[in-house]
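A quick write-up on the structure given underneath.
Just so it is clear, none of the values below were taken in a lab; they were calculated from the coordinates. Nothing here was measured: the structure is a model prediction, and the numbers come from that model. Cβ: placed from backbone, ideal geometry, glycine included. Neighbour counts: every protein chain shown.
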Amino acid sequence: MSAASAASDLFVSLTGAAAAGAWSAPGRVNLIGEHTDYNDGFVFPFATPHRTHVALGEREDGRIRVVSTFDVEPVEVALADLDALFPARRDEIVEWARYPLGVAWALLQATGTDPASVTGVDLAFASDVPVGAGLSSSAAIEGATASALNDTWGLELDRVALAQAGRRAENEAVGAPTGIMDQMASMLGRADAGIFLDCRSLDAVVTDLGFAAAGLELLVMDTRVKHSHATGGYGERRAACERGAELMGVPALRDLSVDDLARAAELMDDVTFRRVKHVVTENQRVLDAVRTLREQGPRAIGGLLDASHTSMRDDFEISVPELDLAVETARAAGAIGARMTGGGFGGAAIALVERDAVTEVSVAVENAFDEAGYSAPHLFTVAPSAGAGRD
Ligand code: ADP
Ligand code: MG
């Protein structure tokens, strides 16, 4: 059964009536630009064909109820109580429900809307975005909720404001300190296009990728590795970036260019320098990728993907042997370019592959994992797809 029908079926079993409407929002994959977001830099993600669907109906009593195929137990609160719950008493709400309820709270806050002036709602969720596979199922549930409530409550927020409400929900209602890339990609995605995003200004340019026309596929290679030091490693990298910016006398590493690296090398210890070097060169690679796509087409970005991986492996030091093996094997089997994607210490890598080489590359990666004694990776292609909206 499709996730869309699963959501409407779940709605019927919750309320006994058909839903008034259905909305959905995609996950995302970051094509290039890693650990640049919190340095005020550039990222270049696209929206996945995997989506989270929500079926919505109105109710007369000013309450909001959410249910998901993940959890049979519905969660219900009064809209008027959201302000008291978030962020102070968020622990009273089961974690998954903080995402949709947090979005409702953030939307009312952002618009200064009196909860008594909007209709109560029932929301039923179903998704085909895999959780924790680097596709941002969190942004998908946030985007579906934001889109559905924006329309139902007539808030008339634009897509950037909806993305910001999703981020606020994730930061304050859930308690996860994430940037805004995922939500922007989920809100702004378009078929065969990426979102070139300036994380300082939030200017976003939807940029043609041209993968489909060129006969290219983007292969995701989820290693299924989750390293326990991911959280600590992330914090250490952020701290190194802040230290580097301070030593260079700039507000953020975004303010440095490749030409500043020689001076950086003299001013800081080797580890801090290599962290800085990754971020500065990665920002430049995002700019280069956008220009290269426009001037030379998608086959020409392979070298930038490869260089991004090398930088994360050697300078930022966030890769793991499984990611390196996936990337190296994919390249050796004919991929145009490959890199790990996401925060690192596990998760997924991506490879840009000719359509008729997908099977060959996939088999090579599966065999290499088998020979190395690693557990089987999860391999699938993702076509850059449309953003959140009413179905
Ligand atoms: P990801 O990398 O997939 O975004 P996160 O940890 O950021 O991983 O978010 C995953 C969490 O989001 C899940 O553990 C769950 O709490 C919530 N979530 C995502 N999709 C759904 C869904 N369809 N129904 C309920 N909760 C969901
Ligand atoms: Mg997430």
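Take the alpha carbon gyration tensor of the stretch 206-278, find the square roots of its eigenvalues, order them as a ≥ b ≥ c, and report rounded if a/c is under 1.5; if not, report prolate when a/b exceeds b/c, else oblate.
On the way: a/c = 2.97, a/b = 1.52, b/c = 1.96.
The shape class here is oblate.
Roughly how big is the stretch 3-206's charge dipole about its Cα centre, with Cβ charges of +1 (Lys, Arg) and -1 (Asp, Glu), in debye to the nearest 20?
Working: 13 positive and 28 negative charges, 53 e Å.
That gives the stretch 3-206 a dipole magnitude of about 260 debye.
Rounded to the nearest 0.05, what FRET efficiency do D83 and V131 give with R0 = 22 Å and r taken as the Cβ-Cβ distance? Could you check?
Values: r = 29 Å, r/R0 = 1.30.
Here the calculated transfer efficiency is 0.15.
For the stretch 262-281 and the stretch 23-60, compute the distance between their C-alpha centroids and round to whole Å.
31 Å
Please list, short to long, the whole-number percent of alpha-carbon pairs of the stretch 209-382 in consecutive 5 angstrom bins beginning at zero.
Percent of pairs per bin, in order: 1, 9, 16, 18, 17, 15, 12, 8, 4, 1.
Dipole of the chain (Lys/Arg Cβ +1, Asp/Glu Cβ -1, origin at the Cα centre): which of A252, G233, A133 lies farthest to the positive side?
Towards the positive end, the residue furthest out is A252.
Using the Cα centre of the chain as origin and beta-carbon charges of +1 (Lys, Arg) and -1 (Asp, Glu), tell me which of Q183, A116, G297 is placed farthest towards the positive end of the dipole.
Of the listed residues, the answer is G297.
State the percent of C-alpha pairs, over all pairs in the stretch 32-148, separated by a distance greater than 25 angstrom. It would help to have the intermediate numbers written out before the result.
Working: 1945 of 6786 pairs.
Of all Cα-Cα distances in the stretch 32-148, 29 percent exceed 25 Å.
Do any GluC sites (Glu not before Pro) in the stretch 35-137 lie in a loop, going by DSSP, with at most 11 other beta-carbon atoms within 10 Å of their beta carbon, and if so which?
E60
Order these by the 10 Å Cβ neighbour count, fewest first: W153, W23. Could the numbers behind the result be given before it?
Working: W153 20, W23 26.
By the 10 Å Cβ count, ascending: W153, W23.
D114 to A386: FRET efficiency via 1/(1 + (r/R0)^6), r the Cβ-Cβ distance, R0 30 Å, to the nearest 0.05? Show your work: numbers first, answer last.
Working: r = 33 Å, r/R0 = 1.11.
According to the calculation, E is roughly 0.35.
Over all directions, average the projected area of the Cα convex hull of the chain and note it in nm².
On the way: hull surface 77.7 nm².
Here the figure is 19.4 nm², rounded to one decimal.
Just to be sure I understand the model, the point goes 7 Å from the Cα along the line to the Cβ. What's the resulting E246 to V258 distance in nm?
3.0 nm
For V220, V365, V94, what ranking results if the residue with the fewest other Cβ atoms within 10 Å of its Cβ goes first? Mind showing how you got there, number by number?
On the way: V220 23, V365 28, V94 12.
Final ranking by Cβ density, sparse to dense: V94, V220, V365.
May I ask which residue of T381, H309, V363 lies farthest towards the positive end of the charge dipole of the stretch 209-382, with charges of +1 (Lys, Arg) and -1 (Asp, Glu) on Cβ and the Cα centre as origin?
Toward the positive end, the furthest listed residue is T381.
Given the options L155, L304, L56, which has the most mean-square fluctuation in a GNM of the chain, springs set between C-alpha atoms less than 10 angstrom apart?
Comparing L155, L304, L56 in the GNM, the peak value goes to L155.
With labels modelled as points extended 7 Å from the Cα through the Cβ direction, what inter-label distance (nm, one decimal) is found for Y374 paired with T310?
With each label point 7 Å from Cα toward Cβ, the separation is 2.0 nm.
Assigning unit charges at the beta carbon (Lys, Arg +1; Asp, Glu -1) and nothing else, what dipole magnitude in debye, to the nearest 20, does the chain show about its Cα centre? Numbers along the way, then the final one.
Details: 32 positive and 57 negative charges, 66 e Å.
Here the size comes out at about 320 debye.
Could you sort the peptides 343-349, 379-385, 14-20, 42-48 by per-residue average Cβ neighbour count (10 Å cutoff), highest mean leading? Could you put the intermediate results ahead of the total?
Working: 343-349: 23.3, 379-385: 19.6, 14-20: 14.0, 42-48: 27.4.
The peptides rank, most packed first, as 42-48, 343-349, 379-385, 14-20.
Compute, for the stretch 209-382, the length of the dipole vector about the Cα centre, with Cβ point charges of +1 (Lys, Arg) and -1 (Asp, Glu) only. Units Debye, rounded to 20. Walk me through the intermediate numbers first.
Values: 18 positive and 27 negative charges, 92 e Å.
Magnitude of the dipole: close to 440 debye.
Hey, if you drop one equal point scatterer on each alpha-carbon of the stretch 279-381 and run the Debye formula without solvent, what base-10 log of I(q)/I(0) do you get at q = 0.22 Å⁻¹?
For the stretch 279-381, the Cα-only Debye profile gives -1.17.
Each label point is 7 Å from the Cα along the Cα-to-Cβ direction; what then is the distance between the points at A18 and H227, in nm?
Going from the A18 label point to the H227 one covers 5.2 nm.
Springs between alpha-carbon pairs under 10 angstrom, Gaussian network model over the chain: which of G166, G102, G249 fluctuates most?
In this elastic network of the chain, the residue with the biggest mean-square fluctuation among G166, G102, G249 is G249.
Over the Cα atoms of the stretch 101-216, each weighted equally, I'd like the Debye log10 I(q)/I(0) at q = 0.16 Å⁻¹, rounded to two decimals.
With no solvent term, the Cα-only Debye profile gives -0.79.
Which of rounded, prolate, oblate describes the stretch 3-206, given a ≥ b ≥ c as roots of the alpha-carbon gyration tensor eigenvalues and a/c under 1.5 marking rounded, otherwise prolate only if a/b is larger than b/c?
On the way: a/c = 1.78, a/b = 1.43, b/c = 1.24.
Taking the square roots of the gyration eigenvalues as a ≥ b ≥ c, the stretch 3-206 is prolate.
Report the FRET efficiency, 1/(1 + (r/R0)^6), for V205 and E58, where r is their Cβ-Cβ distance and R0 is 35 Å, rounded to 0.05. Numbers along the way, then the final one.
Details: r = 37 Å, r/R0 = 1.05.
So, using R0 = 35 Å, E works out to roughly 0.45.
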